[in-house]
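Right, one structure below, let's go through it.
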Amino acid sequence: KKTAPLPDDIRARKGGVPLVSLTAYTTPMAELMDPHCDFVLVGDSVGMVLHGLSSTLGVTMEMMILHGQAVRRGLRRAMMVVDMPFGSYEQSPQQAFANAARLMAETGCAAVKLEGGVAMADTIAFLVARGVPVMAHVGLTPQSINTLGGYKVQGRGAAADRLLADARAVAEAGAFAVVLEKLPAALADQVTQQVPIPTIGIGASAGCDGQILVVDDMLGLFTAFRPKFVKRYASLGHQAEAAIEEYAAEVRERSFPGPEHVFADTTPAGGAQ
Ligand code: KIV
Ligand code: NA
């Protein structure tokens, strides 16, 4: 049937119907979003969303590979991108290639994503020249939280020019798309008009060439904090909490398991159980 888009197909969607994407970390969630997303990102947000880390800095290659493999098993038609974790690519283009190749070989992802603009342009060009499609990520780059000084809006005022330069640099280096995280909407629109590759917004603008959200955020599963840019399309965390509360009460009053959940000593006629 329909096969997964390739990075070049995503690149060709510049200026067209907005690209749809979400993060995923597990097989069942990947299966749910596969029919609806153009690409799925195994984000290093996995460290905060599923592993209880307070930032993405502690995320390892092993975590990305394990979750990448799980997501891969849930996808049939959406393209898969895997984040390069902090410390796996910044040292040199060679280091970046070795780890990107490992992510591609062990997870089957079509592309990797890494954070950084001008500073990572040479690395992006090195990877692309060697067969690694790269999605870039500029603006708020959570792996640089300790030098950015917090999760604040990027590119306001005089910083706009630097952000534009970052986006242009990754496009010139050969990235097939660029994530724009947490910047003024007008600046996101300007970047979108000025760079020749699709911009994927998160806390950016509806004018971007696509959007991405952390799936646990938009489902209301991850509720530790909620950035302004997250729209909650469901409150699954509250539903889960209520279900667990009800289960606990029923166990304590011995109303669970009920007769329909327990087994008789003999196999019933028809033989199912
Ligand atoms: O790790 C992540 O989830 C991301 C997206 C929010 C872009 O990088
Ligand atoms: Na990320």
task: Counting only chymotrypsin sites (Phe, Trp or Tyr not before Pro) that are in a DSSP loop and have at most 10 other C-beta atoms within 10 Å, tell me the longest site-free stretch of the chain.
output: 1-224
- prompt: Sorted by packing (mean other beta-carbon atoms within 10 Å per residue), highest first, where do 71-77, 111-117 land?
  reply: 111-117, 71-77
- request: Hey, could you get me the Stokes-Einstein D for segment 7-235, Kirkwood radius over alpha-carbon pairs, 25 °C and 0.890 mPa s, rounded to whole µm² s⁻¹?
  value: 143
query: Can you sort SER55, SER45 by how many other beta carbons sit within 10 Å, fewest first?
result: SER55, SER45
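Around GLN69, under 15 Å between beta carbons, what's the net of Lys plus Arg minus Asp minus Glu among the other residues?
Result for the neighbourhood of GLN69: -1.
Counting helices only, and only those DSSP H runs with n ≥ 4, report the 222 nm mean residue ellipticity of the chain as the sum of -39,500 (n - 2.57) divided by its residues, in deg cm²/dmol to the nearest 500. Intermediate results must be reported in sequence, preceding the final value.
Values: 11 runs with 101 residues, N = 273.
For the chain, the value works out to -10500 deg cm²/dmol.
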query: So how far, in whole Å, is the C-alpha centre of segment 157-178 from the one of segment 1-48?
result: 22
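What ranking do GLU253, GLU106, GLU260 get, fewest neighbouring Cβ atoms within 10 angstrom at the top?
Working: GLU253 8, GLU106 17, GLU260 5.
Fewest-to-most ranking of GLU253, GLU106, GLU260: GLU260, GLU253, GLU106.
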message: What translational diffusion coefficient, to the nearest whole µm²/s, does segment 133-273 have by Stokes-Einstein, given a Kirkwood radius computed over alpha-carbon pairs, a temperature of 4 °C and 1.567 mPa s viscosity?
response: 70
message: Based on alpha-carbon centroids, what's the gap between segment 62-86 and segment 239-253 in Å, whole number please?
response: 33
Gaussian network model of the chain, springs between alpha carbon atoms under 10 Å - residue of MET64, MET80, MET48 with greatest fluctuation: MET48
Amide N proximity, segment 107-147 versus VAL153 label position 7 Å along Cα-to-Cβ, cut-off under 14 Å: 140
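Laboratory data are not the source of any read-out in this text; all were calculated from the coordinates shown. Everything quoted here is computed from the prediction, not taken from an experiment. Every residue, glycine among them, receives a Cβ derived from its backbone with ideal geometry; neighbour counts consider all protein chains shown.
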